[in-house]
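The values are calculated or read from the model by the stated rules, or taken from the named source; none is laboratory data. No experiment lies behind these values; they were computed from the predicted model shown. Neighbour counts are summed over all protein chains in view; Cβ atoms, including those assigned to glycine, are modelled from backbone coordinates with ideal geometry. Quick note on the areas: whole protein, heavy atoms, side chains included, nothing else; ligands and nucleic acids left out. Shrake-Rupley method; radii C 1.70, N 1.55, O 1.52, S 1.80 Å.
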Amino acid sequence: MEDPASSATADNPSNSTRSYSILAFFLPVLLLLYYRHIFRNKINLLPPPGPKPWHLIVNLNLIGQNLHVSLQSLSQKYGPLMQLKFGLETVVVGSSAEVAELLLKTYDVTFASRPPLLAWKHANYNYLVMPGAPYGPHWRQTRKIYMTQLLSPKSLAQFEYIRIEERKALLFKLYKSSTSSSSSSSTPVHLKERLFMFNLAIMSRMLFGKRYTEEDENNIVTPKQFTEIVDELFLLPGVLDIGDAIPWLAFLDLQGNIKRMKAVKKKIDKFYEHVLHEHERHGKRKLFKEHGTNDIVDVLLQLADDPTLEVKLERDHIKASMQLLKNPEVIQKATDELDRVIGRNKWVEEKDIVNLPYIQAIVKEVMRLHPPLTLLAPHKARENCKVAGSNILKNSRVIVNVWAIGRDPTLWEKPNEFCPERFVGKEIDVVGHNFELLPFGSGRRMCVGYALGLKIVQSTLANLLHGFEWKLPGDMKKEDLDMEERFGGRTSRKNPLLVVPKPRLPLDLYSL
Ligand code: HEM
């Protein structure tokens, strides 16, 4: 009998016809599947929407003086997740609470690195300073040191005496200027400048064990030199440098920024060397023996001898880490709360803040409308990542516009109005849990000093309102107040805020 299998030979014409018809039937299906696969991948590869780049200048032509404002208006056209080109750099911008949550929480680990900006290379110890450090063992270890040594709840409590002394000194100086004028009207004070110096004094004592904000012949820098250095260090990472956008043009230093970065690095290096020598010379005899506390330089010098550290602390690591460095009704409500809770016979202490919900609401509202950093420090994508249906490419610079989120009309009623009441009785915090309010960021790269920053801001604001009535100088009206931010590393009023303080507590409280 003939084996049916043996009859199915290649040269059998009926068999070949059957194969062709099967192929003819499946080919369109296979092609369809293949094209669907290609098409779908192509969709997967689509970047976030954004303006079309042109030539070398690419999207830089769209950026005005205030980057956060330009980015906000572009995002109104292209959406809350958009992509731009700054030179050769791919820049992805998140401008809504949802997108911020995706970037900083859902895909936190993907976006936890920093782009290698020139400022972080030249002025900040070759990316060793924590805000500019790439994700990895050095950053992890530095962050741990800060969280467990300098900025732990215990250290913050130990250093409270510095904040109390500096706050007393600030309030005393404000009182002095309120009484210094011979005429009945007091001299206006440049409040922003005073607060900057106050913060700097606290940080300088906590970090270096000494106040470098006052004239002292033993100090290696004058207060003016010290503040100039700090200003440059804050400002330079915020500049848009052509060398960051087009790296092969960096050597030309077309804007002169690299020269500035190197100059400030030289100055800060000399300063740090001096501080380190002073600490080494004092050895175990602390500069502030009376409180028995170590400043951060002491802590870092001790850690430098620790053989168990994952990354050996070299002198440059230590120096890098040292670099940490309009409504009368509202005022009436705040002072009513202060009078009721604190009374007129004492100053506000940090521990009182929990009982002052209106003061807390004012701080939140200030941080919503005027976040000290309008854009979070840039993050970097460590790998390709699909976010909200768009593909973000590895090495993209990722920016979150917290200023735009704070003014998003879909999140906030009357977003441009100053209204602390919007926070009263609401569970919205500023420490990275609520993505509509992110003054300190969120996730792995969130501000490491948020607890200290908040303590200083809340207690200072409370005492400024408790201790003084505030008036605008002469015939200046509240409408004349300029609340516009200038973009840079740290935002600040474009024009100085001059105000006149008048004491409102018993005079003996103002003495040092
Ligand atoms: C009101 C005060 C402060 C505000 C509003 C603030 C805000 C911020 C923001 C927005 C970031 C970037 C977060 C991100 O990239 O996602 C940041 C990072 C950082 N902040 Fe602050 N900060 C304040 C005070 C402080 C203080 C007092 C310290 C130190 C003592 C500090 C140390 C740092 C460091 C080291 C980083 C980098 C963290 C990292 O890259 O891992 N900040 N801060």
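Between ALA304 and ILE164, the contour length at 0.36 nm per residue exceeds the alpha carbon distance by 47.3 nm. Amide H contacts for VAL189 (H built 1.01 Å from N in the peptide plane; partners 5 or more residues away or on another chain; cut-off under 5 Å): VAL499, VAL500.
Would you mind getting me the FRET efficiency between PHE172 and SER73? Use the beta-carbon distance for r and R0 = 35 Å, nearest 0.05.
Numbers: r = 45 Å, r/R0 = 1.28.
E between PHE172 and SER73, to the nearest 0.05, is 0.20.
The residues neighbouring GLU427, those whose beta-carbon lies less than 14 Å from its own, together hold a net charge of +1 under the Lys/Arg +1, Asp/Glu -1 convention. If R0 is taken as 41 Å, the Cβ-Cβ distance between THR179 and ASN218 corresponds to a FRET efficiency of 0.85. Ordered by 1.4 Å accessible area with all protein chains kept, LEU393, LEU369, LEU128 run largest first as LEU393, LEU128, LEU369.
Counting 0.36 nm for each residue step from LYS259 to GLU280 and taking away their Cα separation leaves a gain of 4.4 nm.
Solvent exposure of the range 395-453, expressed per residue, is 43 Å² of accessible area, with all protein chains present and a 1.4 angstrom probe.
Between the range 405-473 and the range 71-133, the alpha-carbon centres lie 22 Å apart.
Can you grab the distance from the C-alpha centre of the range 185-216 to the C-alpha centre of the range 345-379, Å, no decimals? Result: 19 Å between the Cα centres.
Placing dummy labels 7 Å off each Cα toward the beta-carbon, the span from ARG504 to LEU88 is 5.8 nm. Taking amide hydrogens as placed 1.01 Å from N in the peptide plane, the amide H of GLU469 sits under 5 Å from those of LYS502, ARG504, each at least 5 positions away in sequence or on another chain. Less than 5 angstrom separates the built amide H of VAL387 from those of ILE392, all sequence-distant by 5 or more or on a different chain.
Converting phi to 3J(HN,Hα) with the Karplus coefficients 6.51, -1.76 and 1.60 and the offset θ = phi - 60°, the range 273-280 yields 4, 4, 5, 4, 4, 4, 5, 5 Hz in sequence order, with x at every glycine or proline.
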